[in-house]
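Asks: After the structure tokens below, expect a handful of questions from me.
The values are calculated or read from the model by the stated rules, or taken from the named source; none is laboratory data. Computed from a predicted model, the values in this text were never measured in an experiment. All Cβ positions, glycine included, derive from the backbone under ideal geometry; neighbour counts span all protein chains shown. The area values use the complete protein model at the heavy-atom level, side chains included, leaving out ligands, DNA and RNA. Shrake-Rupley method; radii C 1.70, N 1.55, O 1.52, S 1.80 Å.
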Amino acid sequence: LPFFPSLSLSEECQMNDEEKTQRQIANDLTALGVREGGVLLVHASLRSLGPVAGGAKTVVCGLLHALGKNGTLLMPALSYQSVGISNPVFDLQKTPACVGALPEYFRTRPGSIRSIHPTHSVSGLGREAGRLLADHHLDTTPCGPHSPFYGLRGMRGQVLFLGCGMRPNTSMHAVEEIAEPPYLFGDPIDYRIFLAEGKEIKMRVIRHRFAGWRQRYDRLSLLLDADGLKRGKVLEATCDLVDCESMWEQALIALKKDPFFFVEMIQ
């Protein structure tokens, strides 16, 4: 890899544990099919990787090394567990992500930026981050046409499921918002959004409902070919890498045939 030049044995021995792990993560990601210079959205289970020297910081550095200096790294910074009907208030800088330790570390990492959305914000770093995250506040739904989940479609984006399986696929909500299956939309909520330096704006957002239904986005594996879905290991984690263009194409076909293809009824 150009950002990890070949090392002599003596130089390899001088690397500390964090640097060695970053190198291994980057090599594993490249072998899996992560594109240097590409746009990558990551869902992750930090625990699935096994013991990692340096924890979340090391994993993020490994991801950034794999993407290279022209790449873009995104992670969901979802806050639907703490922001909703009973608490319709979102603070761009202070409201934590509710989807794990890695996204929360990435959200607070120096240089990361966050899209403006009360429940489905995204954090990003890299070449295309500003472009992808800038207009999320213009949407009236969680994953509308101004969201980064939608924007990945036109940028040869990839979605990486790092040891968490394919069910937590927020990008599929953007696909569903196009198809509008019967279970998707609920009532609108009026939110107060606090930005930097005390500035406040308001957003009215139609929430997702899913009442009585369980999401089954892992069924994408039945639809994608070897170009659309690649599987492999990163450290100890079993990972899935999905091509966004293939996902959108096949998922929209499936939803047209069966609006309930990606859900199952909760008994």
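Asks: Only residues that are open to solvent by 10 Å² or more (accessible area, probe 1.4 Å) and aliphatic (A, V, I, L, M): list them for segment 79-104, please.
Replies: Correct list: I85, V89, L92, A97, V99, A101.
Asks: What number of residues within segment 206-231 satisfy the criterion of being open to solvent by 90 Å² or more (accessible area, probe 1.4 Å) and farther than 23 Å from M265 by Cβ?
Replies: 3
Asks: So which residues in segment 22-57 are in a helix (DSSP H, G or I) and within 16 Å of the chain's Cα centre (by Cα)?
Replies: Across segment 22-57, the qualifying residues are L29, L46, A56.
Asks: Examine segment 47-58 for a residue that is surrounded by 16 or more Cβ atoms within 10 Å (Cβ to Cβ), over 18 Å from A101 (Cα atoms) and basic (K, R), and state whether such a residue exists.
Replies: No, segment 47-58 has no match at all.
Asks: Quick check: anything in segment 195-205 open to solvent by 90 Å² or more (accessible area, probe 1.4 Å) and at pLDDT below 95?
Replies: Scanning segment 195-205 turns up at least one residue that is open to solvent by 90 Å² or more (accessible area, probe 1.4 Å) and at pLDDT below 95.
Asks: Restricting the search to segment 130-158, which residues are closer than 20 Å to L241 by Cβ, surrounded by fewer than 24 Cβ atoms within 10 Å (Cβ to Cβ) and of a type in the set (A, V, I, L, M, F, W, C)?
Replies: The answer is M155, and nothing else.
Asks: Same structure again: Hey, any hits in segment 120-127 for a residue that's open to solvent by less than 50 Å² (accessible area, probe 1.4 Å), free of Cβ contacts under 8 Å to residues at least 40 places away in the same chain, under 28 Å from G55 (Cβ atoms) and within 13 Å of the chain's Cα centre (by Cα)?
Replies: No, every residue in segment 120-127 fails to be open to solvent by less than 50 Å² (accessible area, probe 1.4 Å), free of Cβ contacts under 8 Å to residues at least 40 places away in the same chain, under 28 Å from G55 (Cβ atoms) and within 13 Å of the chain's Cα centre (by Cα).
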